[in-house]
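A quick write-up on the structure given underneath.
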Amino acid sequence: MTKLSLDRILQSQGFGTRNTCRQLIRQGEVSIDGVVMDDERAVFDTAHLQFTLFDEVWLYREHVYIALNKPGGIECSRRPSHHPSVMTLLPDVFRQREVQAIGRLDHDTTGLLLLTDDGAFNHRMSSPKHHVPKRYLATTAEPITAELIEALLDGVQLHDEPAPLAAVECVQVTGRQLEMVLAQGKYHQVKRMLAAAGNHCAALQRISIGDLRLEALGLAEGEWCYLEENQLALLN
Ligand code: URA
């Protein structure tokens, strides 16, 4: 059981510095079970704790795990260089909690992006040893041929890679669309593999990570949701 004072609880959830949180509490902005809590030193068990702040009900979360349906024209970095950051699509509390993307998608790649403030989880998921398969829907500039699919499955040599990289799975969907599953997460991997196999990637969407499917989350582009235990279990 973890017991924390109310000001520490608010701070841990991304509502600002300890002082800012104390002010919010003193101003009567926080209530629990419909009762205003204006004592910042009041202590609560954080398990399943819900509180209301700014007319919104918040569930205490030690860490947050988020899925976002990333639109195009957005960078995954918190300090982007050419396009708005993915953080602009999320509530400010996540910025305060120092949420980071788990791996990156290119600015023009759309689809499933995970973010978290759990550094150990992020590290584990991003590690090259953790071969969680990622499924992409790629639209190609040139028509897809049987040779292209074969080359992607056999493995293609990328510049700077010691050995050829192969797709775990590769299936044609339409004349210019294919689904490709990768076990690694190398820089621009899908685009570079398609180019090395003699085609060109015109559009790219990540449609699943492990067994977590973007479609099952029902998120429109730009929308996000929390991931709960059962959904996190699909990532292994
Ligand atoms: N492969 C790419 O080329 N780009 C991405 O954003 C993800 C995988």
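The values are calculated or read from the model by the stated rules, or taken from the named source; none is laboratory data. It should be emphasised that the depicted structure is a prediction, and the values quoted were computed from it without experimental measurement. Note that we place each Cβ from the backbone using ideal geometry, even for glycine, and neighbour counts take in every protein chain shown.
What the table below lists for this structure:
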| quantity | calculated |
| --- | --- |
| Strands (runs of 3 or more DSSP E) lying entirely in the range 30-110 (those with 1 or more residues that are touching a Phe, Trp or Tyr at 6+ places or on another chain (Cβ under 8 Å), buried (at least 19 other Cβ atoms within 10 Å of the Cβ) and at pLDDT 95 or above) | 30-32, 50-53, 65-70 |
| Yes/no for ALA203 being touching a residue at least 24 places away in the same chain (Cβ under 8 Å), over 19 Å from HIS131 (Cβ atoms), surrounded by fewer than 17 Cβ atoms within 10 Å (Cβ to Cβ) and within 12 Å of the ligand (Cβ to nearest atom) | yes |
| Conditions (1) touching a Pro at 6+ places or on another chain (Cβ under 9 Å); (2) away from the ligand (no atom under 16 Å from the Cβ); number of the one not met by LEU227 | (1) |
| Scan of the range 90-129 for residues that are of a type in the set (Ser, Thr, Tyr) and within 22 Å of ARG8 (Cα to Cα), ordered by number | THR116 |
| Answer from LEU178, LEU152, LEU165 - the residue that is surrounded by 16 or more Cβ atoms within 10 Å (Cβ to Cβ) and closer than 25 Å to ALA67 by Cα | LEU178 |
| Filtered residue count, the range 97-129, keeping only those that are within 19 Å of LEU234 (Cβ to Cβ), of a type outside the set (A, V, I, L, M, F, W, C) and within 16 Å of the ligand (Cβ to nearest atom) | 3 |
| Residue in the range 181-197 that is touching a strand residue (DSSP E or B) at 6+ places or on another chain (Cβ under 9 Å), away from the ligand (no atom under 14 Å from the Cβ) and either not aliphatic (A, V, I, L, M) or not in a strand (DSSP E or B) (or both) present | no |
| Flag for THR139 being part of a strand (DSSP E or B), polar (S, T, N, Q) and within 28 Å of PHE15 (Cβ to Cβ) | no |
| Filtered residue count, the range 138-149, keeping only those that are under 11 Å from ALA197 (Cα atoms) and crowded, with 16+ Cβ neighbours inside 10 Å | 3 |
